[in-house]
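Accompanying notes for the structure given below.
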Amino acid sequence: LDQDVEDMKINQEAHQLAGRSAQVLLDFYTRRALPSPDSFGLYLTTVYRNVTSLTNTASYEFLKSNGLAIISNDSLRLAISHLYGMEYSNIQKIEESHRPTQFYDAHREKILTKLDPYLYFDENKMLRPRFPKKELPLDPELVVAFIEIRGYRGFIANYYDEIFGHIENLKTQIKAHLASLHPD
């Protein structure tokens, strides 16, 4: 469980960064708020990067194959089943197969194509932001894409907090159950 939390925190941070990236790029595009040139490439590449759930379900699969009834404490058994069977499954589906959260496929080409007039390479071949000499009309599709990305990324990052709560609850229940088995 502790290793799962460490892995999930990396994913949560990736979603938080991507949400911030969507906001920075939205501000750049709609309000002409020039982001730090040194960070611009980071914002541009993280906004549509997908995240993969890596959870260790080996222990749960072992329990299932031997029968969850091996755990005599009903609430502990239910908490284990809920975490692995529902929460871990949900986050994996959200990140890996839920169509709106397939950011790379859904948004990469659109973002790069529509931001092309706002990008250039400097003398060191670093991608930099700029404003076109001629004022261009805002593209509602790009604005909506940034808003959607920001919203979904925030939702997923918050969902991780819920999972962390389930994990802490399960760890507490496991400790209490083990203490009841060995009261000395």
With Rg and the Kirkwood Rh both taken from Cα atoms, where does Rg over Rh land for the stretch 94-184?
1.32
For the stretch 30-97, which semi-axes, largest first and in whole Å, follow from the square roots of 5 times the eigenvalues of its Cα gyration tensor?
43, 12, 9
With a 1.4 angstrom probe the carbon and sulfur portion of accessible area for the stretch 1-142, in percent, totals 53
Taking a straight Cα-to-Cα line shorter than 13 Å from Lys133, and setting aside same-chain aspartates and glutamates fewer than 8 residues away, one finds none
Sum -39500 (n - 2.57) across every DSSP H segment of at least 4 residues in the chain, then divide by the residue count to get the 222 nm mean residue ellipticity, nearest 500.
-22500 deg cm²/dmol
Of the trypsin sites (Lys or Arg not before Pro) in the stretch 1-48, which ones lie in a loop per DSSP and count no more than 11 other C-beta atoms within 10 Å?
Arg32
I'd like the per residue volume of the convex hull spanned by the Cα atoms of the stretch 136-182, given in cubic angstrom.
36
Any idea what % of Cα-Cα pairs in the chain are farther than 21 Å?
58
Farthest toward positive dipole pole in the chain [+1 Lys/Arg, -1 Asp/Glu at C-beta], among Ser36, Gly151, Asn56:
Ser36
How large are Rg and Dmax for the stretch 73-136 when calculated on the C-alpha trace, in angstrom?
22.0, 69
Which pairs in the list Lys93/Lys134; Lys110/Lys171; Lys9/Lys134; Lys93/Lys114; Lys64/Lys93; Lys9/Lys110 are over 32 Å apart, alpha-carbon to alpha-carbon?
Lys93/Lys134; Lys110/Lys171; Lys9/Lys134
Just to confirm, what accessible area per residue do you get for the chain at 1.4 Å probe, in whole Å²?
59
Once ligands and nucleic acids are excluded and a 1.4 Å probe is used, how much of Lys175 is accessible, expressed in Å² to the nearest 10?
140
Report the charge-dipole magnitude of the chain in Debye, nearest 20, computed about the Cα centre from +1 at each Lys and Arg Cβ and -1 at each Asp and Glu Cβ.
680
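The values are calculated or read from the model by the stated rules, or taken from the named source; none is laboratory data. A quick note: this is a predicted structure, and the numbers were derived from the prediction, not measured. When we count neighbours, we look across all protein chains shown, and the Cβ atoms used for this are built from the backbone with ideal geometry, even at glycine. Calculation scope for accessible area: heavy atoms of the full protein, side chains included, ligands and nucleic acids excluded. Shrake-Rupley method; radii C 1.70, N 1.55, O 1.52, S 1.80 Å.
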